[in-house]
Amino acid sequence: MTSSEPVGTANPGAAFMRRLRNDHAGLSRVLRTIDGLLDRLAGEPEAVQPILAEAFGYLLRYQHGYHHPREDRLFEKIRRKRPALADTLAKLEEEHETGERETAELAEALAAEPPDALRGKKGERLAARIHGYIQHARMHMRDEEAVFYARAEKVLGKSDWAEIIDGDGTEDPAADMAVLADQYPELAAHFDLPTRHPGRSETADPAVNAPHQLMLDVTDLYGGLLHEGFDLTRRNARRLLAVRGPIGLVRTVGAITSDNLRFAGRCVTRPSRWAINTGADWLIARVKPVQDG
Amino acid sequence: MVSWQTRTAKLLGRLTVRQALKHDLSVDDMRNQIRRMERFFPGVPDDVHIELEPGLAHCDAEWLTPVSGATERVVLHLPGGAFMTRFKRAERLLLARLCRDAQARGRLVFYRLAPENPYPAGLNDCLEAYHQLLERGVAPEHIFVSGMSAGGCLALALMLSLRDHCMPLPGGAVLMSPAADFTDEPDQGSRVDNAKRDALLSLEQGDEIRRLYLGGRTELKTHPHVSPVLGDFTGLPPLFFQVSNTEILLDDSRRCAERARAAGVSAEVDIWDRMPHGWQALSFTPESGRAIARLADFIRERCP
């Protein structure tokens, strides 16, 4: 996903910008992981809370600890070269500050209570807050990419880059699964899941789903009849408009009457057939002896 | 929890599209009905610029660019519509939102449709669109192929074809409920289990769609470019699938991802809870925004 190329080699500007881009890649991955867990927070807090706690720890320690200071130094240089961008850059810097505060608050909220306290409404409220945070973080990244990603390398010279580039070389732990697993084991275990279930908060119990299944059947049944009814009405209208002379009218009325009667018959037989079949299935399911093994 | 907007869309879909697909409907009728329905989809947001630039031998294509400025990323989008129709406005809006979120340029390809142009005409148009991007200097690793439903099938077929011809492969693919199995043979799994639960699709017209798309040569249905689920995924770029647990096409995504992983390809599947087919295009639902944001996250991860 990312490279750990040392900053400060042949093309320091390009290497530095690549590092920022890789930071965004790591951040996107973590945001997607968090987003995939939110629906389960209120229902299974004991499983979700530790992963979210680690994810917010990562955001605080790496994204706010290293990535944003790097960007702030870059903004400062761009601002000097392109004063017209001052307002936009000031807005992005302010978002770094408010983002860090919000991250710290959410990390605290996740750590403050035992997981069980997050079951139900409290967990739902926290999940909604985290969801808002994720949306905001995504928009912030988008704005940054639009505003300075394309410009920085064109605007800044060698001496500017020399001042911007930091010597610490700290890499994004999300770029290396071994490092991530070492520092954030719970988060790492959720990084490479082959299947995720966004939006699923309830368990699929067949007994609970039975009335829902019945509703779907009824909707299909009457939806089908409704569809045929509309079709028939359209066809009838077309036939009536095409009538030429009294004989044509008699023929058309005859055809319309027979089609309508056939449709009326379907309206009576189809629901009753469905009701008899469903009732029979229900009865068989109850009368049939349970088989062992 | 499914939002009320999505629940409403599902009910409307069940009462209209699903019923229409269950009955004998000519291709022209289907296209007319879609044109009528399309009026309800809003246009592309102001912050995305559209440029109609054909440049392809047999079909139209458009460029969509976020006004705020795009990165090097390019999303090559192949719309769905059972290979015979398309929701032009809805797909354009979907791609515009994806491009805005991923800060990418979008290339929307209106490949030729069956039955007038049966297989492989549509796939050839997609290949041409991809080659055109390379000719214009877009690096393959910056290209992401995206496709919904039938477009997802073409996206997979496109990558298999590129790999077979030793062409440079794109940086990844985002696939929304791809229809990747044209054999329709499994008598178990999601095509049976979800036959009643799917709010839009129904298998009643499956044979007819197959006959029209393949121009009568139904023996081609097992060809990997027609049913990519039967293909060899070795060497393909990372794949990201989105599908709903109530779709008849659920197993297509699952099986493709399993085969891809078995071939050493990174493949993730998002299985959403009780969404209708193509919910990503329903811009008025919150789940659509969230799904697109997740697709954009994937693109940003794989193409920093």
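The values are calculated or read from the model by the stated rules, or taken from the named source; none is laboratory data. Computed from a predicted model, the values in this text were never measured in an experiment. We place every Cβ from the backbone using ideal geometry, glycine too, and count neighbours over all the protein chains shown. Only protein heavy atoms, including side chains, enter the accessible area calculation; ligands, DNA and RNA are left aside. Shrake-Rupley method; radii C 1.70, N 1.55, O 1.52, S 1.80 Å.
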Please list, ordered by first then second residue, the pairs with beta carbon atoms under 6 Å, 6 or more apart or interchain, first in the range A:169-196 and under 16 Å from A:Leu31 (Cα atoms), second acidic (Asp, Glu).
A:Asp172/A:Asp23; A:Tyr184/A:Glu54; A:Glu186/A:Glu54; A:Leu187/A:Glu54; A:Arg196/B:Asp270
Checked pairs for the range B:274-296, first facing chain A (nearest Cβ under 8 Å), second crowded, with 24+ Cβ neighbours inside 10 Å and of a type in the set (Phe, Trp, Tyr), C-beta under 8 Å and 6 or more apart or across chains, list as B:Glu287/B:Trp272; B:Glu287/B:Trp279; B:Ala291/B:Trp272; B:Ala291/B:Trp279
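Filtering the range A:40-50 down to residues that are in a helix (DSSP H, G or I) and crowded, with 23+ Cβ neighbours inside 10 Å, which residue is farthest from the other protein chains (Cβ to nearest Cβ)?
Of all residues in the range A:40-50, those in a helix (DSSP H, G or I) come to A:40, A:45-50.
Narrowing the set further to residues that are crowded, with 23+ Cβ neighbours inside 10 Å leaves A:45, A:48-49.
Values: A:Pro45: 16, A:Val48: 16, A:Gln49: 19 Å.
Among those residues, the one meeting the criterion is A:Gln49.
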Would you tally the residues in the range B:38-60 being buried (at least 16 other Cβ atoms within 10 Å of the Cβ) and either small (Gly, Ala, Ser) or within 14 Å of another protein chain (Cβ to nearest Cβ) (or both)?
1
Exclusive hit being surrounded by fewer than 18 Cβ atoms within 10 Å (Cβ to Cβ) and either under 20 Å from the mean Cα position of the chain (by Cα) or within 13 Å of chain A (Cβ to nearest Cβ) (or both), set B:Gln103, B:Gln19, B:Gln5, B:Gln33
B:Gln33
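Test B:Arg163 against the stated conditions and say whether it is surrounded by 17 or more Cβ atoms within 10 Å (Cβ to Cβ), over 24 Å from B:Leu15 (Cβ atoms) and either aliphatic (A, V, I, L, M) or at pLDDT 90 or above (or both).
Values: surrounded by 17 or more Cβ atoms within 10 Å (Cβ to Cβ): yes; over 24 Å from B:Leu15 (Cβ atoms): yes; either aliphatic (A, V, I, L, M) or at pLDDT 90 or above (or both): yes.
Yes: the conditions hold for B:Arg163.
Counting just the residues of the range B:125-135 that are free of Cβ contacts under 8 Å to residues at least 40 places away in the same chain and more than 18 Å from B:Val174 (Cα to Cα), which one comes out surrounded by the fewest Cβ atoms within 10 Å (Cβ to Cβ)?
So the first thing to find is which residues in the range B:125-135 are free of Cβ contacts under 8 Å to residues at least 40 places away in the same chain, and the list is B:127, B:131, B:134-135.
Subset that is more than 18 Å from B:Val174 (Cα to Cα): B:131, B:134-135.
Values: B:His131: 13, B:Leu134: 14, B:Glu135: 9.
So the residue we want is B:Glu135.
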The lone exception for A:Ile78 - which of (1) of a type outside the set (Lys, Arg); (2) under 25 Å from A:Arg200 (Cβ atoms); (3) more than 14 Å from chain B (Cβ to nearest Cβ) it fails:
(2)
Per the filter on the range B:106-120, residues open to solvent by less than 10 Å² (accessible area, probe 1.4 Å) and modelled with pLDDT under 95 are B:Ala114
All positions within the range B:269-288 that are surrounded by fewer than 20 Cβ atoms within 10 Å (Cβ to Cβ) and more than 18 Å from A:Leu38 (Cα to Cα):
B:Ser283, B:Phe284
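Condition check: assigned to a helix (DSSP H, G or I), buried (at least 24 other Cβ atoms within 10 Å of the Cβ) and in contact (Cβ under 8 Å) with a residue 40 or more places away in the chain. Does B:Ala179 satisfy that? Break it down into steps so the answer makes sense when it comes.
Numbers: assigned to a helix (DSSP H, G or I): no; buried (at least 24 other Cβ atoms within 10 Å of the Cβ): yes; in contact (Cβ under 8 Å) with a residue 40 or more places away in the chain: yes.
Criteria not met by B:Ala179.
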Only one of (1) modelled with pLDDT of 90 or more; (2) buried (at least 18 other Cβ atoms within 10 Å of the Cβ); (3) not acidic (Asp, Glu) fails for A:Thr98. Which number is that?
(2)
Between a first residue in the range A:118-144 that is within 19 Å of A:Pro45 (Cα to Cα) and charged (D, E, K, R) and a second residue that is in a helix (DSSP H, G or I) and open to solvent by less than 70 Å² (accessible area, probe 1.4 Å), which pairs have beta carbons less than 8 Å apart while being 6 or more apart in sequence or on different chains?
A:Arg119/A:Pro45; A:Arg129/A:Leu106; A:Arg129/A:Ala109
Would you mention how many residues in the range B:136-160 are out of contact with any helix residue (DSSP H, G or I) (no Cβ under 7 Å at 6 or more places or on another chain), in a helix (DSSP H, G or I) and buried (at least 24 other Cβ atoms within 10 Å of the Cβ)?
5
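Being of a type in the set (Asp, Glu), within 21 Å of the chain's Cα centre (by Cα) and within 14 Å of another protein chain (Cβ to nearest Cβ), is that true of even one residue in the range A:115-134?
Within the range A:115-134, the subset of a type in the set (Asp, Glu) is A:116, A:124.
Filter again for within 21 Å of the chain's Cα centre (by Cα), leaving A:124.
Add one more test, that the residue is within 14 Å of another protein chain (Cβ to nearest Cβ), and what stays is A:124.
Yes: the range A:115-134 contains one or more residues that are of a type in the set (Asp, Glu), within 21 Å of the chain's Cα centre (by Cα) and within 14 Å of another protein chain (Cβ to nearest Cβ).
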Filter result for B:Ser202 (within 14 Å of another protein chain (Cβ to nearest Cβ) and at pLDDT below 90)
yes
